[in-house]
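The values are calculated or read from the model by the stated rules, or taken from the named source; none is laboratory data. No experiment lies behind these values; they were computed from the predicted model shown. FYI the Cβ positions are ideal-geometry reconstructions off the backbone, even for glycines, and counts take in every protein chain you see. The area values use the complete protein model at the heavy-atom level, side chains included, leaving out ligands, DNA and RNA. Shrake-Rupley method; radii C 1.70, N 1.55, O 1.52, S 1.80 Å.
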Amino acid sequence: MRMELLLLCLKPAFDTVNGTDRRSEMSLRQKKSREEKVHKKHRVKVQELSGEADKTSKKKHKKVRKETPNESVEFDAASSSADTNRINLKLSENDIDSKTKDDSRSESLATKMRDRLNAARFRYINEQLYTMSGADAKKMFQKDLEAFKIYHQGYSKQVSRWPENPLSHIIKSLKKKPSLVIADFGCGEAQLAQSLPKNTVHSFDLVATNNHVTACDMSKVPLEDNSVDVAVFCLSLMGTNLVDFINEAWRVAKDGGELKVAEVTSRIEDLTKFVKSVQRLGFKLESKDTTNKMFVILHFKKIDKKSKKPIHLELKPCLYKKR
């Protein structure tokens with residue numbers, strides 16, 4: 001009797017516990033259901049983002065599987081192999097692209113290093129030319145033709161940065177007179193001769209860069225006395241024997257012939273003194289153009305009167321900064 005009463009008393013408590021357990025179980029089931037729905041949505045998203053190629057492959061795979069299961073397996077293997085080949089091909093292309101980029105970078109670096117070395121060598125050669133005679137400079141370049149090439153490439157690069165090239169002014173003034181015979185001292189690549197095809201132009205430099213140029217020492221050019229109408233020195237008065245160069249221009253120029261000198265302004269420390277020195281060598285100043293900040297152009301005329309006293313003619317070196 002007592003046991004029955006005890007069970008009756010405890011029944012509500014057991015019912016409450018059982019009810020709680022049932023509610024907890026239902027709650028867990030609902031939670032699990034929600035999680036399954038979320039996972040399903042994620043799977044759908046992944047399938048949507050997998051790409052058109054995979055979708056097409058799957059559709060074909062399903063179609064073949066319905067018709068012939070054995071062929072489906074073969075198709076699946078072939079599709080997998082094709083995908084693998086595409087991946088391998090893509091990787092190979094990436095490797096090639098990477099190697100090409102590396103090679104391009106290497107070539108670019110090599111070019112930059114070569115340009116720097118050539119620039120340094122140009123500066124060195126340029127400095128040497130101001131400290132030796134024309135004859136010594138000729139010997140130097142005859143022993144090393146590559147040095148002459150590097151020098152003129154560097155020189156052309158420097159002049160190309162100028163707003164104007166003085167040679168253009170000289171060419172313009174001479175084009176109007178096609179009958180003139182011209183001697184171009186230190187001609188480089190003979191641009192003056194090539195720009196004046198109607199004129200007779202004798203082009204001289206230490207090394208012959210083309211068929212227009214005669215290689216020689218500027219103080220001893222292969223021309224007869226009194227044989228040219230115009231002698232030109234365009235950015236070419238370099239060395240320790242400038243007086244010899246001007247004397248040679250006087251020798252080959254006709255009576256009343258012209259001497260045109262174009263030089264970097266910074267090289268002429270005292271323009272008046274420089275002009276007087278040239279005049280003492282048998283020339284008279286006709287005109288001067290100092291309108292350009294980079295260079296000055298002087299136009300002289302040959303006269304008979306020459307000074308018998310020793311004359312000192314000097315220009316400052318044109319030293320190029322490292323860039």
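Going 7 Å from the Cα of Asp270 along its beta-carbon direction, which residues of segment 299-316 have the amide nitrogen within less than 20 Å of the resulting point?
Backbone N within reach: 307-316.
What accessible area per residue, rounded to a whole number of Å², is obtained for segment 152-302 using a probe radius of 1.4 Å?
That works out to 47 Å² for each residue.
Which entries in the list Lys112/Lys220; Lys139/Lys293; Lys149/Lys302; Lys284/Lys316; Lys149/Lys308 go over 28 Å, if you measure between the two C-alpha atoms of each?
Going by Cα-Cα distance, Lys112/Lys220; Lys139/Lys293; Lys149/Lys302; Lys149/Lys308 fall outside the 28 Å limit.
Go from 0 up to the bin containing the longest alpha carbon distance in segment 172-323, width 5 Å each, and give me the % of pairs per bin.
2, 9, 19, 23, 22, 15, 8, 2, 1, 0
So if R0 is 56 Å, what FRET efficiency would Ala110 and Lys254 give, r being the distance between their Cβ atoms, rounded to the nearest 0.05?
Efficiency, from the Cβ-Cβ distance: 0.60.
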